[in-house]
Amino acid sequence: MPDIVRLSSRQSDFRQRLDTLLAWDSVSDEGVFNTVKDILKTVRREGDQAVVEYTNRFDRMSTSSLAELEISHERLSEARRNIPAAQLEAIELAAERIRVYAEKQRLASWSYTEADGTLLGQQVAPLDRVGMYVPGGKAAYPSSVLMNAIPAKVAGVPELIMVVPTPDGEINDMVMAAADVADVDRVFAIGGAQAIAALAYGTQTIPQVDKIVGPGNIYVATAKRMVFGTVGIDMVAGPSEILVICDGQTDPAWIAADLFSQAEHDEDAQAILVSPDEAFLDAVAAAMDTLLEDIPRAEIIRASLSLRGALIHVQDMDEAVELANYIAPEHLELSVDNPQALAPRIRHAGAIFMGRYTCEALGDYCAGPNHVLPTSRTARFSSPLGVYDFQKRTTLVHASAQGADTLGRTAAILARGEGLIAHARSAEYRLMQDDARDDA
């Protein structure tokens, strides 16, 4: 049996042990922080030259200019032709589903006119330019390209710049094909903190973007955190998480596989099962033993389950819901008979997967909703990546003469109460009756 923590809500120290299990320190250590700080400073000062030097050093490249690291649209199209037909079909199907879902999210401009003729409203516009980081090196993530690029394009972003590390100059065709399918505008074979710096500050070759999205390693995450304010970012993501609530009636092997689907990401990923049926927890643990025998990333799964996994016994489904809202997981599976009754009670979760047949992996690739989700309990106050992250809202105010008089009187009173006389006079000059102005 995997070395996984067994907890019960009846234990006197349950919350303390749960909090210890959930704790995740996403703050970089001093060494990472200082390294990233130096990279950002150097790229900001030296531009292309610094990006090239860091890329040659970290990714074992031998390029002389950043222009050489731009991957052409011809190369993207070639990748699209080169990958197996089944892979291209899967990418295109996933892209279409993500696009259809994203279309439903697009915010619209609106306005209304009050009785006195004053117009109030909201004007929605896309960001001008977005940078997208795609991980490279140990693994290839075409799904990350689709999930980040398609909502940006649906939002109407005119220029989307993708950066992806290509250690030793190896370009992954599935990633390039996904970029072609998603209509990415420019692609550069650069990664790490230097890529974030190039996007945030701009260089001679790469223009400054307005927002940076996409996951990366600790250096990328630290760089994103440090450039926030100069540009927008989507989030600083922690390790992958899954919480499964099951009533004990689902095949234990299904649930074990669902837990593995997140545990295999890396040793820091978190997989938790909650059930009121203690015998079912035993059955899932037994299924884990069997499934681990022939799974390629078994050692990573074992480490993940040992470090941060848990099987939790609760008294009933009400307690399971309460626990889910406390944990606020990235992914929440409701593997129960009537998930529609349970889902409205879930206040905090990145994504909810409803029913016994809805495994979280569908959401990772092709269900349609975005797989970029809040982690580390941040689902308590943040949301999945969506079209709205690539749009900005501007308020509209068009006062009529009557509205300027009515609103101006109120504004002047409040402004004088705050001691801001110029504010008050600005409003009072537009009053329909001059005697309403008072310089006192």
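Key figures
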quantity: Residues satisfying the stated conditions in segment 1-45, i.e. farther than 30 Å from residue 324 by Cβ and of a type in the set (Val, Ile, Thr); calculated: 32, 35, 36, 39, 42, 43
quantity: Unique residue being surrounded by 17 or more Cβ atoms within 10 Å (Cβ to Cβ), polar (S, T, N, Q) and either at pLDDT 95 or above or over 22 Å from residue 101 (Cα atoms) (or both) when the list is 376, 400, 426; calculated: 376
quantity: Condition check for residue 48: in contact with a Leu (Cβ under 8 Å, 6 or more places away or on another chain) and either surrounded by 17 or more Cβ atoms within 10 Å (Cβ to Cβ) or within 30 Å of residue 395 (Cα to Cα) (or both); calculated: yes
quantity: Strands (runs of 3 or more DSSP E) completely within segment 242-336 that count 2 or more residues being within 18 Å of residue 346 (Cβ to Cβ); calculated: 270-275, 331-335
quantity: Which numbered condition residue 347 misses (of (1) crowded, with 16+ Cβ neighbours inside 10 Å; (2) modelled with pLDDT of 95 or more); calculated: (1)
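The values are calculated or read from the model by the stated rules, or taken from the named source; none is laboratory data. Keep in mind it's a predicted model, so treat the numbers as computed, not measured. Glycine also receives a Cβ, built like all others from the backbone with ideal geometry; neighbour counts cover every protein chain displayed.
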